[in-house]
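Presented below is the structure to which this report refers.
The values are calculated or read from the model by the stated rules, or taken from the named source; none is laboratory data. Note that the structure is predicted; figures quoted are calculated from it, not measured. For neighbour counting, all protein chains shown are included, and Cβ atoms are generated from backbone atoms with ideal geometry for every residue, glycine included. Surface areas here come from the heavy atoms of the whole protein model, side chains and all, with no ligands, DNA or RNA. Shrake-Rupley method; radii C 1.70, N 1.55, O 1.52, S 1.80 Å.
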Amino acid sequence: PNTEEPEFLKQYQLLSSKPMLFVLNVDDASMKEGNQFSKLVEDKYGIDATCRVCSVIEEQTSQFTRDERIDFLQEYGLTVPATDVLLQKAYKMLKLQSFFTVGPKMAHGWPVAEGSTAKQAAGEIDRK
């Protein structure tokens with residue numbers, strides 16, 4: 001294989017060279033263990049590149065407080081909302097971390113490159 005080709009192709013930022021995260025919408029009964037279809041995708045692409053989500057559960061719990069949501073999810077044997085898992089996997093795949101700013105009226109989380117110092121993150125935020 002040509003070792004120069006991947007470096008050469010980087011300049012074109014092709015979608016096919018970007019990391020992919022497969023979001024698998026399953027029914028509520030399959031949320032914890034998956035189903036035959038989600039397991040096929042998870043086996044092929046790995047657990048880091050897949051995330052099971054149940055849109056019905058997400059819709060049902062969208063207006064709950066965090067504590068109410070956790071209690072509801074425990075009925076399905078889950079401990080963390082799927083949206084939290086999805087965000088964590090997306091951040092990891094994109095090599096991002098959160099930088100938080102807190103003021104008297106508001107707190108805000110900003111995505112910045114993994115390993116950024118507070119000074120670098122503050123500079124990034126000023127450009128947004």
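Overall, the accessible surface of segment 11-89 at a probe of 1.4 angstrom is composed of carbon and sulfur to the extent of 54 percent.
Kindly provide the Kirkwood hydrodynamic radius of the chain in Å, to one decimal, from all pairs of distinct alpha carbon atoms. Present the calculation step by step, with values, prior to reporting the outcome.
Numbers: mean 1/r = 0.0568 Å⁻¹.
When all Cα pairs of the chain are included, the Kirkwood radius is 17.6 Å.
For Leu24, the residues 5 or more places off, or on other chains, whose built amide H falls under 5 Å of its own are Cys51, Arg52, Val53.
Which whole DSSP H helices in the chain pass both tests: a Cα extent of 30 Å or more along the axis and a mean Kyte-Doolittle value no lower than 1.0? Intermediate values should be presented prior to the final figure.
Working: long enough: none.
Span-like helices in the chain: none at all.
Ranked by the mean number of other Cβ atoms within 10 Å per residue, highest first, peptides 51-61, 75-85 order as 51-61, 75-85. Considering only the Cα atoms of segment 60-128, their convex hull presents on average a projected area of 6.4 nm². Residues whose amide H comes within less than 5 Å of that of Leu96, counting only those at least five positions distant or on another chain, are Glu114 (H built at 1.01 Å from N in the peptide plane). Using the Cβ-Cβ distance between Ala107 and Ser55 with R0 set to 22 Å, the FRET efficiency works out to roughly 0.20. The residues of the chain expose, per residue, 76 Å² of accessible area to a 1.4 Å probe.
What translational diffusion coefficient, in µm²/s and rounded to a whole number, does the Stokes-Einstein relation yield for segment 1-44 at 20 °C and a viscosity of 1.002 mPa s, taking the hydrodynamic radius as the Kirkwood radius over Cα pairs? For these conditions, the coefficient is 161 µm²/s.
What fraction of the Cα pairs in segment 27-99, stated in percent, has a spacing above 15 angstrom? Let's see the in-between values first.
Numbers: 1534 of 2628 pairs.
Cα-Cα pairs in segment 27-99 separated by more than 15 Å: 58 percent.
If you take the Cα centroid of segment 1-75 and the Cα centroid of segment 82-101, the two points sit 13 Å apart. Across Gly103, Gly115, Gly34, mean-square fluctuation computed from a Gaussian network of the chain (C-alpha pairs under 10 Å connected) peaks at Gly103. The modelled label-to-label distance for the pair Tyr45/Ser17, using points 7 Å beyond Cα in the direction of Cβ, is 2.0 nm.
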